Amino acid sequence: MYSIGIDIGGTNTDIGLVRFDGLCLAKSNLPTNKYNDASIYVSDICTRIKALMSENGIEAIDGIGIAAPAGNYYTGCIENATNLNFKGIIDLPKLFHEHIDVPVVVSNDANAAAYGELVYGGAKGMRHFVMFTLGTGVGSGIVVDRKLVHGKTGGAGELGHAILIPEGRPCGCGRKGCLETYTSAVGICRTTKELLEATPDYDGPLSKVNPDDLTSKMVGDSAKAGDPLAIKVFEKTGYWLGIALANAVAFSGPEAIFLMGGPVKAGEVLMKPVRESFKKHLCFVYDGSVEVHVSELPDNDAAILGAAALTKA
Ligand SMILES: [Zn+2]
């Protein structure tokens, strides 16, 4: 009836008590970056879980789902995460089982988002879909026959690092031209800076912002307010993303593609060019068979619901 969803981020860890129908009954959080010892960190999370359960009169949970950076579904371990203080291999199920004896399922945040959509969101009745999450990077989760594709090592679905533009923008992975360097929140800021440099006579709202302080939300808000430069940024972003979605369709033949994350909140200024580019670049054999949707998970609980949904995997 109830499960726990835990979203581990570099700064914060969010913990939620989730009912079978996707209602997040109660939440708690911890500052991830204040911990250097993973066993103390997990012990404190378990104390919070027990408090959430007793405060809500819940005596038993079915499982604990965890979305973690570099989280490996097969091993349950966080493996050499670059943005956490915990170095090396962290065996989460082993650490949790010292305190709470229920199944513990681990994956990365994009895979968790895909499962959240499948179990609680807009993909409830679907068999095949792809989730793209736009944030600091771009993640993806591929669902085929209602199962997440994990691949040989657990690393399947890293479409953010599929190369979109050969020899394009440098990526954190060490290569050039990856999708995420163009369509992540950071990529949107890079495009904005490029356009600002190329348009010296522009004097709209974004010209008043120190380029280092730019955020994709500022660009999205300016685009929604009708600023031509910001609109152009989203037209370019949507064009690039549409190509990536069309390529994803050729890969797994989904019924739908879902988009989630901060930049998606810009709404139609992003979604209209995405759909146009998607339609333009989709191979004709898929015409009319694939829809592009915005995630239906509630913004504030999406990450917790995704993690909790892993327990239904
Ligand atoms: Zn890359």
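The values are calculated or read from the model by the stated rules, or taken from the named source; none is laboratory data. What you are looking at is a predicted structure, and each value in this text was computed from that prediction instead of being measured. So basically every Cβ, Gly included, is an ideal-geometry build from the backbone, and we count neighbours across all protein chains shown. Heavy atoms of the whole protein, side chains included, go into the accessibility calculation; ligands, DNA and RNA do not. Shrake-Rupley method; radii C 1.70, N 1.55, O 1.52, S 1.80 Å.
Restricting to the stretch 267-278, name every residue that is in contact (Cβ under 8 Å) with a residue 40 or more places away in the chain, open to solvent by 10 Å² or more (accessible area, probe 1.4 Å) and assigned to a helix (DSSP H, G or I). Step through it out loud before you land on a result.
Of the stretch 267-278, the ones in contact (Cβ under 8 Å) with a residue 40 or more places away in the chain are 267, 269-270.
Then drop every residue that is not open to solvent by 10 Å² or more (accessible area, probe 1.4 Å), which leaves 267, 269.
Residue satisfying the conditions is 269 alone.
Please work out if residue 122 is in a strand (DSSP E or B), away from the ligand (no atom under 16 Å from the Cβ) and touching a residue at least 24 places away in the same chain (Cβ under 8 Å).
It is false that residue 122 is in a strand (DSSP E or B), away from the ligand (no atom under 16 Å from the Cβ) and touching a residue at least 24 places away in the same chain (Cβ under 8 Å).
Please enumerate the residues belonging to the stretch 134-162 that are part of a strand (DSSP E or B), over 11 Å from residue 257 (Cβ atoms) and either among the aromatic types (Phe, Trp, Tyr) or within 15 Å of the ligand (Cβ to nearest atom) (or both).
134, 138, 139
Of everything in the stretch 103-148, what is in contact with a helix residue (DSSP H, G or I) (Cβ under 8 Å, 6 or more places away or on another chain) and at positive phi? Give them in sequence order.
Passing the criteria: only 146.
Output the number of residues of the stretch 170-201 satisfying the condition of being part of a loop (DSSP other than H, G, I, E, B), away from the ligand (no atom under 11 Å from the Cβ) and among the basic types (Lys, Arg). Write out each step before concluding.
Filtering the stretch 170-201 for residues part of a loop (DSSP other than H, G, I, E, B) gives 171-175, 177, 179, 184, 199-201.
Restricting the remaining residues to those that are away from the ligand (no atom under 11 Å from the Cβ) gives 199-201.
Those left that are additionally among the basic types (Lys, Arg): none.
Residues in the stretch 170-201 being part of a loop (DSSP other than H, G, I, E, B), away from the ligand (no atom under 11 Å from the Cβ) and among the basic types (Lys, Arg): 0 in total.
Of a type in the set (A, V, I, L, M, F, W, C) and within 16 Å of the ligand (Cβ to nearest atom): which single residue out of 165, 231 fits that description?
Working: 231 fails: within 16 Å of the ligand (Cβ to nearest atom).
Among 165, 231, only 165 is of a type in the set (A, V, I, L, M, F, W, C) and within 16 Å of the ligand (Cβ to nearest atom).
Please work out which one of (1) open to solvent by 20 Å² or more (accessible area, probe 1.4 Å); (2) under 18 Å from residue 108 (Cβ atoms) is the condition residue 146 fails and give its number.
Failed condition: (2).
Failed condition for residue 257, given (1) touching a strand residue (DSSP E or B) at 6+ places or on another chain (Cβ under 6 Å); (2) in a helix (DSSP H, G or I); (3) of a type in the set (Val, Ile, Thr), with all others met?
It fails just one condition, (2).
Just wondering, is there one or more residues in the stretch 233-243 that are open to solvent by less than 80 Å² (accessible area, probe 1.4 Å), assigned to a helix (DSSP H, G or I) and in contact with a strand residue (DSSP E or B) (Cβ under 7 Å, 6 or more places away or on another chain)?
Let us first name the residues in the stretch 233-243 that are open to solvent by less than 80 Å² (accessible area, probe 1.4 Å), namely 233-234, 236-238, 240-243.
So of that shortlist, the ones also assigned to a helix (DSSP H, G or I) come out as 233-234, 236-238, 240-243.
When the remaining residues are screened for being in contact with a strand residue (DSSP E or B) (Cβ under 7 Å, 6 or more places away or on another chain), the result is none.
No, the stretch 233-243 contains no residue that is open to solvent by less than 80 Å² (accessible area, probe 1.4 Å), assigned to a helix (DSSP H, G or I) and in contact with a strand residue (DSSP E or B) (Cβ under 7 Å, 6 or more places away or on another chain).
Pairs please, first residue from the stretch 200-213 and farther than 12 Å from residue 229 by Cβ, second anywhere and surrounded by 14 or more Cβ atoms within 10 Å (Cβ to Cβ), Cβ atoms under 7 Å, 6+ apart in sequence or on different chains.
Taking only residues 6 or more apart or on different chains, the pairs are 211/193; 211/196.
Looking at 7, 62, which one is touching a helix residue (DSSP H, G or I) at 6+ places or on another chain (Cβ under 9 Å), in a loop (DSSP other than H, G, I, E, B) and of a type outside the set (A, V, I, L, M, F, W, C)? Don't jump to the end; show me each part of the working.
Working: 7 fails: in a loop (DSSP other than H, G, I, E, B).
The match here is 62.
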